[in-house]
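The values are calculated or read from the model by the stated rules, or taken from the named source; none is laboratory data. Nothing here was measured: the structure is a model prediction, and the numbers come from that model. Quick reminder, even Gly has a Cβ in these numbers, built from the backbone with ideal geometry, and neighbours come from all protein chains shown.
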């Protein structure tokens, strides 16, 4: 059963857009995939939770987290086979772990936690909160952006994940991300 949460080997560099809601992760994921003529892994939770909201008028609950994690890894593993350069991940299981702990009194399902910590990526781009808040059906913490940013940053530091903080406008963020990805691609 747990295999569905496991990252499969891939012949590409994997980068993750990571951070609080409404900080430009999806926009930048698309831009980077286009720039590198590669693929990006969308955030599975977005469609899953939007469907739930549309059908039940309910938000995310703890029992939703494992299906979200399974769907995310299914997408990532499928799309990782479609590139041999760089895979842009709009999120990862570590992000789901941070949200679980933030929303559910510091708790995280042990299976989610295990794979959030075992799955590896070459670089994380931690998106800062200097972008305008954009409300939608799923976003609910505009006043907690700084606190959430710190939670994401602390998780990366605690787990010794390589990361770069992205600040500024869309163009500045894109240029910074490209410079770091190019460095990874040019390593021997």
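Quick notes on this one:
- Residue-level check: of (1) in contact with a helix residue (DSSP H, G or I) (Cβ under 6 Å, 6 or more places away or on another chain); (2) at pLDDT below 95; (3) within 27 Å of residue 129 (Cβ to Cβ), residue 13 misses just (2).
- The residue that is surrounded by the most Cβ atoms within 10 Å (Cβ to Cβ), among those in the stretch 155-169 that are touching a residue at least 60 places away in the same chain (Cβ under 8 Å) and part of a helix (DSSP H, G or I), is 155.
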